[in-house]
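The values are calculated or read from the model by the stated rules, or taken from the named source; none is laboratory data. Here the structure is a predicted model, which means the values were calculated and not measured. Cβ atoms come from the backbone with ideal geometry, glycine included; neighbour counts cover every protein chain shown.
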């Protein structure tokens, strides 16, 4: 028993050293290079979908410019069609292919001279679109300033300032329907090239929840108060080269949207970091049935709010310490 305790202490000390930090970085690199995609190596359906989404979103962004150049992006569109046909051959037509076709239909509609100026390219695109169905899930859409102003006419300041980390929840269960609603709203977070790599793992079983929280280690004193546990991850298969940091940026953006969405539902939450050694990350993945192609972003303990409770003040630094004005004229 004493030796076992000593072993745990030594392991803890090791992971807090610079060498332990390097081991964690190497683990991150291994995961990144094992699962990310390149144009030449699309290793899974998820990677293929991410590549296609990245490509067709380039066309969407082009269509959304103030004055798109006629016939823009031909090389990228040729590649998009070629890869889409390859994808359909392997996995059939799905939402990704439908979005691509809608986007390219808008492209043709807005580039009416293509038939006369580049007939082979026009025929390539139009033949690909032979079975297009318009469902308004790809391309661009119109927004109205007045409608946006009406939609944002809320007391956002109070809403944001009243979201805080809660560590003292009521004993009431959080209905799954409310979690679904929070995710429905959170999924509108931005992501790199709209690839939406985020995943959310939900745990209600008390024994499993507590085992996962024990591995996290930063919830002592209120573990039993947490009604349910959420773990935010990102799927590394949806990223490509030079996007190592984006794995955590996209996951963080989704996590923040989720926290605000939970707040809007009247659900209390507490962010629990997953800054753990890679051996512990793997333990969490195995215990929580999380694929090893995903990286942990954070755990979120949730619960219903009591009528009255206390939270940390968590004083904020001032605007002047954050905002740097550059190039002032």
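Brief remarks follow.
- Some residue of segment 54-69 being more than 17 Å from residue 193 (Cβ to Cβ), loosely packed, with under 15 Cβ neighbours inside 10 Å and in contact with a helix residue (DSSP H, G or I) (Cβ under 7 Å, 6 or more places away or on another chain): no
- Residue satisfying all of: in segment 268-286; under 24 Å from residue 180 (Cα atoms) and touching a helix residue (DSSP H, G or I) at 6+ places or on another chain (Cβ under 6 Å); surrounded by the most Cβ atoms within 10 Å (Cβ to Cβ) among these: 269
- Only one of the listed residues (248, 254, 239) is touching a residue at least 12 places away in the same chain (Cβ under 8 Å) and either surrounded by fewer than 17 Cβ atoms within 10 Å (Cβ to Cβ) or at positive phi (or both). That residue is 248.
- Condition met for residue 229 (assigned to a strand (DSSP E or B), surrounded by 15 or more Cβ atoms within 10 Å (Cβ to Cβ), within 23 Å of the chain's Cα centre (by Cα) and assigned by TED's automatic domain parsing to the domain that holds residue 273): yes
- Scanning segment 133-171 for residues that are touching a strand residue (DSSP E or B) at 6+ places or on another chain (Cβ under 9 Å), in a loop (DSSP other than H, G, I, E, B) and surrounded by 11 or more Cβ atoms within 10 Å (Cβ to Cβ) turns up 163, 164, 166, 167, 168, 169, 170.
- Of the criteria (1) surrounded by fewer than 20 Cβ atoms within 10 Å (Cβ to Cβ); (2) not in a helix (DSSP H, G or I), which one residue 42 fails: (1)
- Residue 137 being modelled with pLDDT under 95, outside the structural domain of residue 260 (by TED's automatic domain parsing) and either touching a helix residue (DSSP H, G or I) at 6+ places or on another chain (Cβ under 7 Å) or within 30 Å of residue 308 (Cβ to Cβ) (or both): yes
- Candidates 93, 84 - the one that is within 24 Å of residue 39 (Cβ to Cβ), assigned by TED's automatic domain parsing to the domain that holds residue 50 and in a loop (DSSP other than H, G, I, E, B): 93
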